[in-house]
Each structure stands twice: as structure tokens, then as C-alpha cells.
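Colleague: Take this structure first; my questions come after.
Readers should treat all values here as calculations from the given coordinates under stated rules, not as data from a laboratory. In this text, all values refer to a predicted model and were calculated from it rather than measured experimentally. Note that we place each Cβ from the backbone using ideal geometry, even for glycine, and neighbour counts take in every protein chain shown.
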Amino acid sequence: MQIIDRNRVFNGHYKIDQLIVQHDGHELKREQFVPGKAVAALVYDAARQVYVLTRQFRIGPEAELLEIAAGMMDRGEAPETAVRREIHEELGYEIDKLEEIVCIWPSPGMSSEEITVYYAEVSHKSGEGGGLAEEHENIELVELSFEALVAEPLRDAKTVIAVQWVRLRQQS
């Protein structure tokens, strides 16, 4: 398959491109959701021995979800810088230790979104968290022990990946 043309067909809060793809002598039209790059982190407060997650309303499932802290990267921003900013904005913490888990495409059949997922250890809270008022965020902080975290019925893919990663680390 080869992309031979690309046009922006929607340029709102998110963007959608229409691609013309050539395959076996045929030209196919495909739409691509273009949200940008994102970061996410499973945050562990080592001093209090709890995992700190967020609960917030999400448009996709039209429901509140329990998930790891996450957000979009600004243009030209390094992933490590973005994840530090997002953890401070959403949870109010400064990072002591940061480890990359994986970089994923959560839905490669229709989206160009790329998410770098981290594990972050924290011990010092320097802000309230809860998100930014100017971004109209309404984020609830949720603290869970390891046992409660792994028992939680998670539905968010990046969160499932991060929790599985920490479960495997606990077993070794």
C-alpha cells in the first residue's frame, strides 16, 4: 500500500485527514484521525505506597473512566517534558523517577495517535492537581493500593498496559 494523496477534511479540536491509498492497482479512500502525540504515566507515590490515577469524563465512551494520568504533547515538546507537565497539572506531583514502559499506537487502523507510556515514582506533592481550569478539566484523583489497583476492572487501554507492566514487575 502506498499513500498517494492526503487532504485535511476536518480541522476542529481534533483533525481528520482523507488519504488516497494505492493498492493492487486500486485507489482507496481512507480517513485518518490525527490527534497528535500523547504521553501517559502510571504514578506511584513511594512515600505513601499508593498508585495515583485519575477519574474523568471521556467523550469516546461517554462515561467517567479510571485511567493513568495522560495528555497531549505540545508541538516540539519532548515526551519526558510533557509527562512531567501532565503529572503536575493532573495530580500535583513532581517526579522522582521516570521509566518508559512502551510507545504504542492505540488504534492504528484509523488513528495516527502515538502514546508514550511511563511509570513514574513520586514522593513530593507541590500542587493540587485536578487539571487546568482553562482546559475545562474536571479530574478526580484516585489513590489505590497495589491490591486494589490490580482488582480494578479497567477499560482504558493505556492503563491496562501500565497496570499489567507493574504486575509483571511485582512477580519478578
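Colleague: What is the angle, in °, between the Cα long axis of helix 79-91 and the longest principal axis of the Cα atoms in the chain? Nearest 10 is fine, range 0 to 90.
Modeller: Helix 79-91 sits at roughly 60 degrees to that axis.
Colleague: Could you tell me, in Å, what Rg and Dmax come out for the Cα atoms of the chain?
Modeller: According to the Cα coordinates of the chain, Rg and Dmax are 18.0, 61 Å.
Colleague: How about segment 1-87: which trypsin sites (Lys or Arg not before Pro) there are in a DSSP loop, with at most 13 other Cβ atoms within 10 Å of their Cβ?
Modeller: Answer in residue order: R48, R75.
Colleague: Between L98 and V150, what FRET efficiency comes out of the Förster formula 1/(1 + (r/R0)^6) with R0 = 22 Å and r the beta carbon distance, rounded to 0.05?
Modeller: Efficiency, from the Cβ-Cβ distance: 0.50.
Colleague: Follow-up question, since we're still on this one. Determine which lysines satisfy two conditions relative to K97: a Cα distance under 30 Å, and not lying fewer than 8 residues away in the same chain.
Modeller: Straight-distance partners of K97: K37, K125, K158.
Colleague: Based on other C-beta atoms within 10 Å, arrange L91, L141, L149 from fewest to most.
Modeller: Ranking L91, L141, L149 by Cβ neighbours within 10 Å, fewest first, gives L141, L149, L91.
Colleague: Longest exposed-loop-site-free stretch of the chain, with GluC sites (Glu not before Pro), DSSP loop and at most 16 other Cβ within 10 Å?
Modeller: 1-61
Colleague: Further question on the same structure: State the Cα centre-to-centre distance between segment 114-172 and segment 1-37 in whole Å.
Modeller: 33 Å
Colleague: Here is a further query. If you take the beta carbon distance between Q56 and K125 as r and set R0 to 25 Å, what does 1/(1 + (r/R0)^6) give as a FRET efficiency, to the nearest 0.05?
Modeller: It comes to 0.85.
Colleague: Using just the helices of the chain, give the 222 nm mean residue ellipticity in deg cm²/dmol: DSSP H runs with n ≥ 4 each add -39,500 (n - 2.57), and the total is spread over all residues, rounded to 500.
Modeller: Helix-only estimate at 222 nm: -6000 deg cm²/dmol.
Colleague: If you don't mind, another one. Taking every DSSP beta bridge with both residues inside the chain, roughly what % is antiparallel (nearest 5)?
Modeller: The answer is about 80 percent antiparallel.
Colleague: Still on this structure, please answer the following. Taking the Cα-to-Cβ direction at E77 and at Q170 and moving 7 Å from each Cα, how far apart do the two end points lie in nm?
Modeller: About 3.1 nm, to one decimal.
Colleague: Still on this structure, I have one more. Under the definition of Cα pairs under 8 Å and six or more residues apart, what whole-number percent is the relative contact order of segment 37-171?
Modeller: Relative contact order, segment 37-171: 31 percent.
Colleague: So how far apart, in nm, are the two label points at N138 and I20 if each is 7 Å from Cα heading toward Cβ?
Modeller: 4.5 nm
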